[in-house]
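Notes to accompany the following structure.
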Amino acid sequence: MEINDSGNMKIGITKMYEEISELIGLKDYKIVNPYNEKVDCDLLIISKGYKDKVKRLNPNSEIFEVKSATFRDLIETLEDIKKLKIGDENKINYSIKLLKYKEKKIKELAKNLLKDLNVEVNPITEFVKKIVEDLNLKISENGVLIVPDYFLKNQNYKNNKNNAKVIILKTHNYNLRLIERIEDRYLQIIQKLRDFHERTYQRRSK
């Protein structure tokens, strides 16, 4: 994607990714809902996976998709935004540095809290798989199932109380901001795996 004359560009950001404007130092933008309506914007910053839908409603707008399953995703997103020459490059570089620090700290936490558990996981979507791989967790078909909450509509995991090897991951806690949501997903997996290990150990001890 090549952006020209960014100084006069009308930029729209979806509500879910409003924090992007702060991370890149962008002041001139508006919050839009291009998923369901036509908007007057030259560039739309949206969630990954919705480009075709948004493009049908907004054929004249450039589309930029945000990746944010992991810290690495968001770092790459900011690197790509920097190439568009929008926002403030110094602010973007600072935000990337901050994200790399948070990524390092969460991985250190996971290593310390999970090192003795010897637990394997079975992420059932690519979204979840990216997170568990980022945490360097062992993946196995016989491992603890990690199911994203949005997947429950078509599955029976939520009501299967007899299946103790299932972790439900709340993927988009909208009470949290973008970086907090990413961090929360890591922390959920770490804590729920520890809880699973403790329950398993207690059953074996009885």
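The values are calculated or read from the model by the stated rules, or taken from the named source; none is laboratory data. The structure displayed is predicted, hence computed values, not measured ones. Using ideal geometry, Cβ is built from the backbone for each residue, glycine included, and neighbour counts are taken over all protein chains shown.
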Name, by its number, the condition in (1) under 24 Å from Glu22 (Cβ atoms); (2) touching a strand residue (DSSP E or B) at 6+ places or on another chain (Cβ under 9 Å) that does not hold for Ser140. (1)
Would you tally the residues in the stretch 15-39 being touching a strand residue (DSSP E or B) at 6+ places or on another chain (Cβ under 8 Å) and exposed (fewer than 14 other Cβ atoms within 10 Å of the Cβ)? 5
For the stretch 45-63, does any single residue satisfy the condition of being of a type in the set (Asp, Glu), surrounded by 14 or more Cβ atoms within 10 Å (Cβ to Cβ) and more than 20 Å from the chain's Cα centre (by Cα)? yes
Given the criterion within 18 Å of the chain's Cα centre (by Cα) and in the same structural domain as Lys27 (by TED's automatic domain parsing), identify the matching residue among Ile86, Ile124, Ile106, Ile81. Ile81
Do we find a residue being more than 24 Å from Glu76 (Cα to Cα), among the hydrophobic types (A, V, I, L, M, F, W, C), under 20 Å from the mean Cα position of the chain (by Cα) and modelled with pLDDT under 90 anywhere in the stretch 183-204? no
For the stretch 101-154, name all the residues that are touching a residue at least 40 places away in the same chain (Cβ under 8 Å), closer than 24 Å to Tyr174 by Cβ and assigned to a strand (DSSP E or B). Ile146
Residue identified as under 26 Å from Lys104 (Cβ atoms), outside any loop (DSSP other than H, G, I, E, B) and not assigned by TED's automatic domain parsing to the domain that holds Lys129 among Ser21, Ser68: Ser21
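Confirm whether Val66 is free of Cβ contacts under 8 Å to residues at least 24 places away in the same chain and surrounded by 19 or more Cβ atoms within 10 Å (Cβ to Cβ).
No.
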Scan the stretch 40-54 and report the pairs whose first residue is closer than 10 Å to Ile13 by Cα and at pLDDT 95 or above and whose second residue is assigned to a loop (DSSP other than H, G, I, E, B) and among the aliphatic types (A, V, I, L, M), with Cβ atoms within less than 8 Å and a gap of 6+ or a chain change. Leu43/Ile3; Leu43/Met9; Leu43/Leu84; Leu43/Ile86
Exception for Asp80 within (1) surrounded by 15 or more Cβ atoms within 10 Å (Cβ to Cβ); (2) at pLDDT 95 or above falls at (1)
